Amino acid sequence: MPDSQLEKARTLIKLGQPEEDTWSLSRIEDEMPSSRPVIIPLALWMEQPLDEALAPWLPSDTELTGELARILAKAPLVAIDFPAFTDGRGYTLARLLRERYGYQGEIRAVGDVLVDQLFYMSRCGFDALALRDDQRLDDALRALGAFSVSYQPAVDVDEPLFARRLKQA
């Protein structure tokens, strides 16, 4: 596959900091790209021998089973696709990977990733965020710190605010 069909040079925020993205993204389902490192569709990734320069991307409708989670644990990173900003299934996939299956590697949001979503994505277990091309880095970094307190438990804070306040009393 020609490298011209790969998505590259997106603005990446990793662990709350801007970072150069060394990974390309291929959405071609049936053709292995020649460049590395590259994120490829899950089905294509599962057909390949284990390779630290290949990572899977999961479509938002992926059924995450225990068996699939065990296989994904071997990946250098897992990218979860947001085909539209209104599609929230990627949040669930990230949270399941972190909380139910104990995934410790990088979980990256790709696709239609907007500044308004970043804080919530980080609460659900995403630690790398590949912004849509029209999103500004400075706005994104501000959005990650927009809220200093969260009421609900999540991946980042496992107790609701009332429980944390009771402990302080």
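The numbers here are math on the coordinates, done by the rules we state, and not lab data. All figures in this text were calculated on a predicted structure; none of them were measured in a lab. Cβ coordinates were reconstructed from backbone atoms using ideal geometry, including for glycine residues, and neighbour counts include every protein chain displayed.
Computed over the chain, the per-residue total of -39500 (n - 2.57) for DSSP H runs of n ≥ 4 gives a 222 nm mean residue ellipticity of -6000 deg cm²/dmol, rounded to 500.
Note that the range 154-165 has calculated 3J(HN,Hα) couplings of 7, 5, 7, 9, 8, 10, x, 4, 4, 5, 5, 5 Hz, one per residue in order, obtained from phi through the Karplus relation 6.51 cos²θ - 1.76 cosθ + 1.60 (θ = phi - 60°); glycine and proline are x. With a 10 Å cut-off between alpha carbons and a GNM built on the chain, which of Arg136, Arg108, Arg98 moves the most? Evaluated over the chain, the most mobile residue of the options is Arg136.
Computed 3J(HN,Hα) for the range 107-120, one whole-Hz value per residue from the Karplus formula 6.51 cos²θ - 1.76 cosθ + 1.60 where θ = phi - 60°, is 10, 10, 8, 10, x, 7, 9, 10, 3, 4, 8, 4, 4, 5, glycine and proline marked x. Ordering of 119-126, 73-80, 148-155, 49-56 by packing is 119-126, 73-80, 49-56, 148-155, highest average first (other Cβ atoms within 10 Å, averaged per residue).
Among Thr65, Thr86, Thr92, a tally of other beta-carbon atoms within 10 Å of each Cβ gives an order, fewest to most, of Thr86, Thr65, Thr92. Here the extension length gained between Glu19 and Asp158 equals 47.3 nm, from 0.36 nm per residue of separation less the Cα-Cα distance. Put simply, the amide H of Leu58, placed in the peptide plane, has neighbours under 5 Å in Ala79, Ile80, Asp81, leaving out anything fewer than 5 places away on its chain.
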